[in-house]
């Protein structure tokens, strides 16, 4: 493909790849700058010229330039154009953000809940903190509901990623995931309430809710939470309609409508996550419960722990406008709010598109690992692999002849640590027999090693092999 005049590096965009064109373009220009092919102070072609010569829309070229600008690779001169930025030696010598981490040594931990540092936008992160430091810190504490610029940025992100137009809601920023959950519950932890929670669910999440409410289980099947089995006397239900963790079940539209009807009939609230953890852009989106049901009865909670980092200690709530004053009044009685600096940086990263770009890159990484998981475990007809097309965990259901507790002990002795599915069930439920595999934090080589140990162990226990369709 021809290159724009004055740009002496080849740019090849492949529309057959899952990577967006603007990311391909930004990656190739980034590599050219890192390698010295594009020297500092080199004038870049205009986005219009790039678009015309490469046969792409100007929006694609503009997005690529915005990525490089946010990461500090290029800079603009008013009335003159875009130039390759002058960067420090430390920036030039840094480890490429796309470089895989070193393979893990010793035992391989497949327990879910661990994050990856791969594809972290370190240059954009540094640039955002640098821009925030150009201004003197505010003399006053940030507003109780959070900086207005961050709340606007969160609303824009939810509009772009979830299709949510928050005409009837308000956003407040709070300190940490646990605080968001507390404020989302009826009474904000100040009075006894009963909450229904999907069963199975992560034990840590269930325990966090149990600090502020009595938690009752709601069984989950292939179509999501069984709305008809929500226990009586519940003041709220906490659900993950796009992906139950750990089964991967997606709530059907019929059940979403039934859930909204249940909330209206029982004068109860629905609490759902803002980010669903699907990490698969090919999954057709369904309207969130907040969008498809009664907006006055649905709350949304979220943080940027998985997309950016939990060290920000920043979370948020999307509240029905009638509830907002009451919940805002409870904020001063919780932990210290996130610092103004952290809020400014997060708003900057959201506005620049950094969070959505990292989400795209994580989706690509996780898709490769899910494919590896399916290829390794699809050969056992007596097992069923659930949740292997979305998310960062998968569940392997086992035959009764192989108890999950026995398998996890054997795997542990062989250097692979896994969790049993029973750990995810309410104490008084009847758990299914299976193990839960988390792979977000593992490089491909380490994951292959762990899966090889797992399949060898299944063979040792006499499970037959042949090609089968994965659930």
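The values are calculated or read from the model by the stated rules, or taken from the named source; none is laboratory data. Every value quoted in this text rests on a predicted model; they were computed, and no experiment measured them. Here the Cβ is made from the backbone with ideal geometry for all residues, glycine too, and neighbour counts use every protein chain on show.
General remarks:
- Selected residue [modelled with pLDDT of 90 or more, surrounded by fewer than 21 Cβ atoms within 10 Å (Cβ to Cβ), out of contact with any strand residue (DSSP E or B) (no Cβ under 6 Å at 6 or more places or on another chain) and farther than 24 Å from residue 236 by Cα] from 157, 144, 148: 148
- Selection status of residue 26, touching a helix residue (DSSP H, G or I) at 6+ places or on another chain (Cβ under 6 Å) and at pLDDT below 85: yes
- Scanning the range 252-269 for any residue that is assigned by TED's automatic domain parsing to the domain that holds residue 171 and under 16 Å from the mean Cα position of the chain (by Cα) turns up nothing.
- Among the residues of the range 173-189, those identified as part of a helix (DSSP H, G or I), in contact (Cβ under 8 Å) with a residue 60 or more places away in the chain and either under 22 Å from the mean Cα position of the chain (by Cα) or within 15 Å of residue 240 (Cα to Cα) (or both) are 177, 179, 180, 181, 182, 183, 184.
- Checking each residue in the range 257-278 for being in a helix (DSSP H, G or I) and without any contact (Cβ under 8 Å) to a residue 24 or more places away in the chain picks out 261, 265.
- Filtering 283, 227, 220, 278 for residues that are in the same structural domain as residue 174 (by TED's automatic domain parsing) and farther than 23 Å from residue 370 by Cα leaves a single hit, 227.
- Hey, residue 170 closer than 21 Å to residue 337 by Cα, in the same structural domain as residue 256 (by TED's automatic domain parsing) and part of a strand (DSSP E or B) or not: yes
- Among (1) more than 30 Å from residue 229 (Cβ to Cβ); (2) outside any loop (DSSP other than H, G, I, E, B); (3) touching a residue at least 60 places away in the same chain (Cβ under 8 Å), the one test that residue 464 misses: (2)
- Any pair with Cβ under 6 angstrom, 6 or more apart, that starts in the range 397-412 at a residue that is under 17 Å from residue 386 (Cβ atoms) and not assigned by TED's automatic domain parsing to the domain that holds residue 423 and ends at one that is assigned to a helix (DSSP H, G or I) and modelled with pLDDT of 95 or more: none
- Condition met for residue 60 (more than 21 Å from residue 354 (Cβ to Cβ), in contact with a helix residue (DSSP H, G or I) (Cβ under 6 Å, 6 or more places away or on another chain) and either modelled with pLDDT under 85 or assigned to a loop (DSSP other than H, G, I, E, B) (or both)): no
- Note on the range 295-305: residues that are at pLDDT below 90 and either surrounded by 16 or more Cβ atoms within 10 Å (Cβ to Cβ) or not assigned by TED's automatic domain parsing to the domain that holds residue 170 (or both) total 1.
- When residue 82 is tested against (1) more than 30 Å from residue 338 (Cα to Cα); (2) modelled with pLDDT of 90 or more, exactly one condition is not met: (2).
- Per the listing 420, 393, the residue uniquely closer than 18 Å to residue 107 by Cβ and at pLDDT 95 or above is 420.
- Qualifying residue in the range 92-104 (condition: modelled with pLDDT of 80 or more, in a helix (DSSP H, G or I) and out of contact with any strand residue (DSSP E or B) (no Cβ under 6 Å at 6 or more places or on another chain)): no
- Taking (1) modelled with pLDDT under 95; (2) outside any loop (DSSP other than H, G, I, E, B); (3) surrounded by fewer than 18 Cβ atoms within 10 Å (Cβ to Cβ) in turn, residue 192 satisfies each apart from (2).
- Helices (runs of 4 or more DSSP H) within the range 279-363 that include 2 or more residues farther than 20 Å from residue 124 by Cα: 289-292, 324-330
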